[in-house]
Each structure stands twice: as C-alpha cells, then as structure tokens.
1. Taking B:Glu82 and the conditions (1) outside the structural domain of B:Gln139 (by TED's automatic domain parsing); (2) free of Cβ contacts under 8 Å to residues at least 24 places away in the same chain; (3) not polar (S, T, N, Q), which numbered condition does it fall short on, given that it satisfies the others?
2. Quick check, is B:Asn72 within 24 Å of A:Glu133 (Cβ to Cβ), more than 7 Å from chain A (Cβ to nearest Cβ), surrounded by fewer than 15 Cβ atoms within 10 Å (Cβ to Cβ) and polar (S, T, N, Q)?
3. Out of curiosity, is B:Val20 more than 8 Å from chain A (Cβ to nearest Cβ) and assigned to a loop (DSSP other than H, G, I, E, B)?
4. If we only count helices (runs of 4 or more DSSP H) wholly inside region A:1-115, which ones have 2 or more residues that are closer than 24 Å to B:Ile67 by Cα?
5. Failed condition for A:Gln46, given (1) surrounded by 14 or more Cβ atoms within 10 Å (Cβ to Cβ); (2) more than 22 Å from the chain's Cα centre (by Cα), with all others met?
6. Taking region A:14-32, which residues are more than 15 Å from B:Phe8 (Cα to Cα) and more than 8 Å from every other protein chain (Cβ to nearest Cβ)?
7. Yes or no: region B:104-127 includes at least one residue that is touching an Asp or Glu at 6+ places or on another chain (Cβ under 6 Å), in a strand (DSSP E or B) and in contact (Cβ under 8 Å) with a residue 40 or more places away in the chain.
8. Kindly indicate whether B:Leu98 is closer than 25 Å to B:Glu132 by Cβ, of a type in the set (A, V, I, L, M) and in a strand (DSSP E or B).
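The values are calculated or read from the model by the stated rules, or taken from the named source; none is laboratory data. Predicted, not measured: the structure shown is a model, and the values here were computed from it. Cβ: placed from backbone, ideal geometry, glycine included. Neighbour counts: every protein chain shown.
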Amino acid sequence: MTINRKFAVWFSTLLLLALIFGLIVPDFLIFLSNTRKLEGKLQNFQSAYRLYLLRKGEYETIVRAIKETQDVPYGEGVSTVSVEEAESLVAQLLSTKKIALRELEINNKSGIPVNFLGFDLGSPRVVVRIVAERVRE
Amino acid sequence: MCLPPLAFHTYFRFLKAQTVEEFKMRYADVLRAFSVNLSLDSRKNLQEVDKAIKIFQEQLKDLRRKIENLNNFLTLRKENEEFLEETVRLFSVGGRYLNYLKYTKGTLELIFYEVSSSAEEELNFSPAFSVEVVKEFDQPLPQGFYLRKYKVVLRRR
C-alpha cells in the first residue's frame, strides 16, 4: 500500500492548521476574554473589600471603646438596693456606656429614711427597676 | 509535525501562567482573605471569584446590620444620657432627696423633697426639655428652713 505523498503533505498541513486555529488559539482567546472579565470583577471586589475593612475597623473600635467602660453592678429587672447604692446608681448609669435605658424606675416611696428613735433599723431599701438594652457584639 | 502546535501551546501556557501570577500579586489581599486559588483554568477562576463575592456580600450585609444595631443603641443611649445628666444636675444641689424616679422613652418623672433655707423655689432646667413642675407642699421648718415636695415631669421638646 502506497501513500499518496501529495495527499500526506496536504493532510498534515491541514491537521496542523486545524490544531492551531481550531483548538489552541480559541482556547487562548477564551482565556483572554474570561481574564478581562475577571480583572473587572477583582478590581471592584478589591476596592469594596478595602472599604469594608475600614468600616469594620471603625465599628470594632467603637464597640471596644464602649466595652471598656465600667459596668453597672445591677442587672436588668427589679432589684432592691440600699439608699447609698441608689444614690450612686444614676451616676453609674451615666458613666457606663454599655447600657441604654428603655425604662428606669427608682421607688423610694416606702418612706423617708429618718431614724427618730435612734435605733438602727437597717438601711431602708429602695426598689429599682431597670429595662435596658445592652451593647452587642 | 506536532512540534508547531506544541510550541504554540507551550507559549500560550506561559502567557497564561504569567497573567495568573500577576493577578495573584495584584489582588493578593482579597484572594488571601477569601482563600481563592487562581489556576490556569479561566472559567474555574471566574466561578471561584463569583463564589467569593457572594460570601463577601453576606459579610457586608452582616456588618451593615451590626452598624445599624449599634446606631440604634447609641441613639437610645444618647437620649437617656440627656435625661440622666439633667437628673444628676438637679440633685447636685444639696438638700434634695429623691422619692420616686421613673424614666420611660422621652419622659422623666421625678418626685423629690427639698430642704432649703431660701423662701422661693430655685429649679433650673435645661431648655432642651419642656418641664412641668407641681409643688405638692411647701412647709416652713424651724430655724428658717423650708421643706417642699415637688413633682417634676420632663419631656423632650
């Protein structure tokens, strides 16, 4: 069996061209166009991410600053405290930044703390009710 | 016969690798933060970056929600801070004794006694509030003192 020489040369040339222009070049062109899209996306992404980091940093600084302030020794709800504690409560609530009040009630209606008889009746109790919102992470 | 296609292929591969390396350098921080691995497969790269962007959008939404929460908290805080400051200022004058305090949003109700040597009342409030003062009683005590009971309602103007 003899191979037609002319045919073989033609065939190999065509195969070569088909390989180059049919597979390799299109593949590269697809890569280029995809890469261009990718570049646009990454550019937007990168600038957005930097902004995000900046804002997150600011947010964390504020939250940390709030968390560093001293806490109030009373939790939410109703508690009974002595007169001295009730006196300092408002100042404490003002100095801490962790608590935002929704409601506050200090009830000292049970009596004026005057001890006429000279007996130590124990420090009168004051009812404090706090409904507050705490700072969250 | 295969040599020219192979040469083209190798050359293009080299170009691709170079581009990918350059991208890795240029966008290092985002790529590292979302652990995106760029490869020579451009379609896969696009997919991975899309996935990372989706994750990032979630994070962004989360941060926005947090910031909104914090802002709400701070607004609430600022509001009751003004009322508390007013209270502290009121009681920084000596001889006033708190009987009842009730704070709800935008309103502060105070009932207090005052022992004072002056005959007329001296209650000063910041102009930021509309104030309602009711004197429940005013009684002279011995040695020129007066005992008064006030009910004060402060409202945000």
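1. (2)
2. Numbers: within 24 Å of A:Glu133 (Cβ to Cβ): yes; more than 7 Å from chain A (Cβ to nearest Cβ): yes; surrounded by fewer than 15 Cβ atoms within 10 Å (Cβ to Cβ): yes; polar (S, T, N, Q): yes.
Yes, satisfied.
3. Numbers: more than 8 Å from chain A (Cβ to nearest Cβ): yes; assigned to a loop (DSSP other than H, G, I, E, B): no.
Criteria not met by B:Val20.
4. Working: elements: A:5-19, A:25-68, A:83-95.
Fully inside region A:1-115 and qualifying: A:25-68, A:83-95.
5. (2)
6. Residues of region A:14-32 that are more than 15 Å from B:Phe8 (Cα to Cα), as a first pass: A:14, A:30, A:32.
A:Leu14, A:Leu32 - these are the residues of region A:14-32 that are more than 15 Å from B:Phe8 (Cα to Cα) and more than 8 Å from every other protein chain (Cβ to nearest Cβ).
7. no
8. Numbers: closer than 25 Å to B:Glu132 by Cβ: yes; of a type in the set (A, V, I, L, M): yes; in a strand (DSSP E or B): yes.
Yes, satisfied.
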